[in-house]
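The values are calculated or read from the model by the stated rules, or taken from the named source; none is laboratory data. Predicted model only: the values in this text are computed from it and were never measured. A quick note on method: Cβ atoms are made from the backbone with ideal geometry, for glycine too, and the neighbour counts reach across all protein chains shown.
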Amino acid sequence: MSKQYDVVIVGAGPAGYVAAIRCAQLGLKVACVDKWIGAEDQPTLGGTCLNVGCIPSKALLESSARYDDISHSFADHGITASGIKLDLAKMMARKDKVVSDLTQGIVSLFKANGVKWLQGAGKLLPNQQVQVTAHGDGAESVLEATHVILAPGSSSVEIGAAPLKDDVIVDSSGALEFTEVPKRLGVIGAGVIGLELGSVWRRLGSEVILLEAQECFLAAADEQISKDALRQFKRQGLDIRLGARVVSCEAGKKGVAVQYQDGKGEHTESVDKIIVAVGRRPNTNGLAADEAGLLLDEWGFVHVDEQCRTNLPSVYAIGDAVRGPMLAHKGSEEGVMVAEVIAGQKAEMNYDTIPSVIYTHPEIAWAGVTEQALKAAGTEYNVGTFPFAASGRARAAGDSAGMVKVIADAKTDRVLGVHIIGAHGSELIAQAVIAMEMGASSEDLAMTVFAHPTLSESVHEAALAVDSRAIHIPGKKKIKNSVVADHLD
Ligand code: FAD
Ligand code: NAD
């Protein structure tokens, strides 16, 4: 019997919808099943990223940065503004409009590419069949496909010490919907979400306390960068408490009493609201019928190989539901790779150069390995750093905090990692990713001509600094197996 579809995809987040479009571009007949229900109880495409993740958080980060700038840093430019008012309802409505415009955009892309959108929950059955329970009437049907791609994404982790409660103890989605600025805001977890959403509400006027269980701040980032970040965030007023284990949260009429322990003992803080941001877990509960035999790992991620093949023939899994960083661009690239593998093309993905960005101010962005990882591995390397304080463009903008750090292999000079803390780090990191993807050396970057005056020149100077020849910083010294600019210590 011929199958109804070449490919059925479960999940229309950035992993699933990109896979669907690429499959369609390659001439495959595609259906994409998604169960997301958005505003006004309407099915919506785009998954976490567009509806409650990357996009709404960045819309609020942009709006709150403007409010913060006009309230605090315009005066340095000789601009005085008075009567500044925050219209939070309008800010939220703008964010919602950005989201709905973009999710509608995916509807149009599906139409243009001939992707069939099925609104409901999908469940993997044996032999590449997918059972669909339709949104609305709950009607059940079974789709037959030659290939299945599972892209169910992830959800916020909940903890017993802080059970979610209405709009008082919320996860990241709730934190994008506050109707007033909390006077005192507690955030459990000083990871990516805690820092981004904590920044949004601090800029809008909240006193923000972040309770982080680990003693180490931003352990995944390069240590030099995370130390600088901690200093800068504290200076902005983010009250980051490390080694703080939350014991309980009690919601009452006047907010929440948070009890936590740290090295100094037990403490209680009263806050108006709490955001719980302690990580995310894969949405794989009930994703496959037991008879399908889909293999999950001990944390519930779908087990896959390097090309995202599961243990079942012609069944693939991508995005947050499989190993690797939980990032939209990682899921999208896996979607493209799998579509091309299904179409018989030779496709692979380089996981070593996936960029990470934290959209705080300054932004933190990196790709490749950290200095501490190289030390632990015993790899010899050279380091060049360049501070934005020495960048003409950053100075002109009045936004010169942070630095660029380039790490190159001591023997081959190949760029192994680039770490940035500074304004527009999210954009600057792309040039490092391109260089690393092409196997560039720090000398290649050093020999490239960069426009003046740009922030990108700091990437150039950091590459020059690897060989102790940055132009716009004084004296360098050799330390152990690395080279750094003197005045950064
Ligand atoms: P998702 O986006 O979670 O999409 C999965 C989809 O599958 C959903 O629509 C879900 O309803 C659907 N689904 C699940 N199970 C089924 C089923 N059985 N049947 C039918 N449909 C199903 N990443 C970045 O790279 N940059 C950022 O700036 C960024 N900011 C973020 C901010 C926040 C507040 C959050 C929460 C996340 C952020 N992320 C960011 C992470 C990013 O959102 C995820 O990595 C990304 O959405 C994962 O894509 P995905 O397609 O794997 O899953
Ligand atoms: P995270 O892993 O970045 O941070 C969670 C933090 O919570 C960690 O520092 C952890 O030590 C801490 N923690 C865990 N349990 C705790 C507890 N009981 N008490 C106090 N602290 C505790 O996770 P997240 O911030 O929730 O983000 C989830 C995922 O979403 C991440 O994988 C991230 O990649 C993705 N995301 C990405 C972006 C971006 O790319 N800019 C933005 C938001 C989210």
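Overview of values
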| read-out | value |
| --- | --- |
| GLY27 being more than 16 Å from ligand 2 (Cβ to nearest atom), surrounded by fewer than 20 Cβ atoms within 10 Å (Cβ to Cβ) and either part of a helix (DSSP H, G or I) or at pLDDT 95 or above (or both) | yes |
| Index of the failed condition, PHE110 passing every other in (1) farther than 24 Å from LEU197 by Cα; (2) in contact (Cβ under 8 Å) with a residue 40 or more places away in the chain; (3) not in a helix (DSSP H, G or I) | (3) |
| Only one of GLU348, GLU340, GLU334 that is part of a loop (DSSP other than H, G, I, E, B), over 27 Å from LEU230 (Cα atoms) and touching a residue at least 40 places away in the same chain (Cβ under 8 Å) | GLU348 |
| Cβ pairs under 8 Å, 6+ apart, first in the range 131-158 and within 13 Å of ligand 1 (Cβ to nearest atom), second outside any strand (DSSP E or B) and of a type in the set (Lys, Arg) | HIS135/LYS35 |
| Number of the condition not met by ALA221 [criteria: (1) in a loop (DSSP other than H, G, I, E, B); (2) more than 16 Å from ligand 1 (Cβ to nearest atom)] | (2) |
| Condition broken by GLU180, with the remaining ones in (1) surrounded by fewer than 21 Cβ atoms within 10 Å (Cβ to Cβ); (2) part of a strand (DSSP E or B); (3) of a type outside the set (Lys, Arg) satisfied | (2) |
| Qualifying positions in the range 251-300 - in contact (Cβ under 8 Å) with a residue 12 or more places away in the chain and hydroxyl-bearing (Ser, Thr, Tyr) | TYR260, SER270, THR284 |
| Residue among ILE188, ILE149 that is of a type outside the set (Ser, Thr, Tyr), within 9 Å of ligand 2 (Cβ to nearest atom) and modelled with pLDDT of 95 or more | ILE188 |
| Pick from the range 160-177, criterion within 16 Å of ligand 1 (Cβ to nearest atom), touching a strand residue (DSSP E or B) at 6+ places or on another chain (Cβ under 7 Å) and in a loop (DSSP other than H, G, I, E, B), ranking: farthest from LEU60 (Cα to Cα) | LEU164 |
| Hits in the range 431-473 (condition: in a helix (DSSP H, G or I) and among the hydroxyl-bearing types (Ser, Thr, Tyr)) | SER442, SER458 |
| Selected residue (criterion: surrounded by the fewest Cβ atoms within 10 Å (Cβ to Cβ)) from residues of the range 367-416 that are on the phi > 0 side of the Ramachandran plot and touching a residue at least 40 places away in the same chain (Cβ under 8 Å) | GLY398 |
| Residues of the range 42-88 that turn out to be over 30 Å from LYS330 (Cα atoms) and part of a loop (DSSP other than H, G, I, E, B), as a count | 10 |
| Total residues in the range 210-252, condition within 9 Å of ligand 2 (Cβ to nearest atom), under 12 Å from ILE364 (Cβ atoms) and touching a helix residue (DSSP H, G or I) at 6+ places or on another chain (Cβ under 8 Å) | 2 |
